Amino acid sequence: MKKDDRRLRIGVLGCGPISQFAHFDACRKARNAELYAICDRAEDLVQRMAAVHQPAKTYGDFAQMLADPRVDAVIVAVADQFHVPLCKQAIIAGKPVLVEKPLGVSVEECDQLAALVKQTGKLLQIGNMKRFDPGIAYAHQFIREEMGQMLALKAWYCDSTYRYTMTDNLQPIPVASANVHRPAGNPKADKRRYFMLTHGSHLLDTARFLGGDIAAVRARLVEKFGAYCWFIDVEYADGSIGSLDLTIAVRMDFHEGFQIYGEHGSVIGKTYLPWFFKSSDVECFSTKDGKYHRPLGEDAHFYKLQVEAFADSILCGKLVRGATAEDGAAALRAMVAVARSVETGQRIALADATGAV
């Protein structure tokens, strides 16, 4: 594993499951980054993670990590409810941020953070790692460069009843602590809200990444036998239409993908459970040569690739490839619009969406 001579020194806030499963490893494997520091209020968890990953520094206080001049940037990997205040703290301290999705939990706080990012000029990237799936990235490029105008997009994200059997086999056993800092109440108690923020954030970001800005939605929700199914009609800003399916959980394999119809071609994609680190199977048909095109054999460690893109943006001034603060705010606004449409049965323009999911 060859490393670049110049590397971004990253401090990771949060030693919970997503850092253990993804961010620590991604920072260590990224060619242009290093895991310089880790931080968590749970001292026992910090010590155990430090023994495994061996960062140069450990911290129990985020402000102290931000004050370290050798920390070039931070990853915020804590509960959703803490994202915005901690990102603000980092941006004000002058540190670029890669924050786990979703950006926040309300339209207003996301808009405020996006405004702060714009005002300061500091980089904030959202951890929508599916944008770094080589298949999805290839589809995005084809759509932008060759497909012409989009007619329609269909996308689905259907979690599986067998998901945790698979992830338990794929992921390391997480290390827990009784001293972790949690949000007030139980964020998982409201299943509608929890599933939308956790899974809907992926679906809606992919729908925006491939299809463009969303203008309005009309959504229906059915709850039966412990399952939740949202069907969402989408109006795109360019006049295209879309149909989204978010189902938690289907009685079948993990089921995610998309179909896109355009002026000069079409795209079909099948996406796998992310912890397989397997590129989506994508076929792009072009009327230009009458052939299907697809990528094969690409590196598909999405979390590593998003860290590398984050580091390239900071170290080399390259174009930001990940989701921006504006993308994060727009995705949250779309999630809120879906929730309001389910409640009212009405079409909801994203411009009118306010409040929380």
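Taking other Cβ within 10 Å of each residue's Cβ, how do D133, D233 sort, fewest first?
By the 10 Å Cβ count, ascending: D233, D133.
I need the P(r) histogram for the stretch 247-357: all alpha carbon pairs, bin width 10 Å from 0 out to the longest distance, whole percents.
Percent of pairs per bin, in order: 11, 22, 36, 27, 4.
Based on DSSP loop calls and a cut-off of at most 12 other Cβ atoms within 10 Å, the longest stretch of the chain free of exposed trypsin sites (Lys or Arg not before Pro) is what?
71-187
I need the calculated FRET efficiency for the pair R6 and D44, taking r as the beta carbon distance and R₀ as 35 Å, to the nearest 0.05.
0.50
If we count other beta carbons within 10 Å of each Cβ, what is the order of W156, W275, W230, fewest first?
On the way: W156 19, W275 16, W230 25.
Lowest to highest Cβ neighbour count: W275, W156, W230.
Describe numerically, in nm with one decimal, the distance between label points set 7 Å from Cα along Cα→Cβ at A115 and at Y261.
The answer from the label model is 4.2 nm.
How would you rank C87, C39, going from fewest to most other Cβ atoms within 10 Å of each one's own Cβ?
With the sparsest Cβ surroundings first, the list reads C39, C87.
From the cross-link list K2/K95; K29/K188; K2/K270; K88/K122, which pairs have alpha carbons spaced over 22 Å apart? Before the final figure, lay out the partial values.
Numbers: K2/K95 26 Å; K29/K188 32 Å; K2/K270 31 Å; K88/K122 11 Å.
Result: K2/K95; K29/K188; K2/K270 exceed 22 Å.
From the helices alone, meaning DSSP H stretches of at least four residues, give me the mean residue ellipticity at 222 nm for the chain, per-run term -39500 (n - 2.57), in deg cm²/dmol to the nearest 500.
That comes out to -10000 deg cm²/dmol.
Taking the chain as a Gaussian network, where each spring joins two C-alpha atoms under 10 Å apart, which residue of L113, L315, L103 fluctuates the most?
Between L113, L315, L103, it is L315 that shows the largest mean-square fluctuation.
Could you estimate the translational diffusion coefficient of the stretch 8-129 from the Stokes-Einstein equation, with Rh from the Kirkwood formula over C-alpha pairs, at 10 °C and 1.306 mPa s, in whole µm²/s? The partial results should precede the final answer.
Details: Rh = 14.3 Å.
D, rounded to a whole number, is 111 µm²/s.
Tabulate in residue order the Karplus-calculated ³J(HN,Hα) for the stretch 310-319, using 6.51 cos²θ - 1.76 cosθ + 1.60 with θ = phi - 60°, rounded to whole Hz; enter x for Gly and Pro.
4, 5, 4, 4, 7, 7, 10, x, 6, 4
Read-outs: derived from the displayed coordinates by stated rules, not from any lab. Keep in mind the model is a prediction, meaning the values are calculated, not measured. Here the Cβ is made from the backbone with ideal geometry for all residues, glycine too, and neighbour counts use every protein chain on show.
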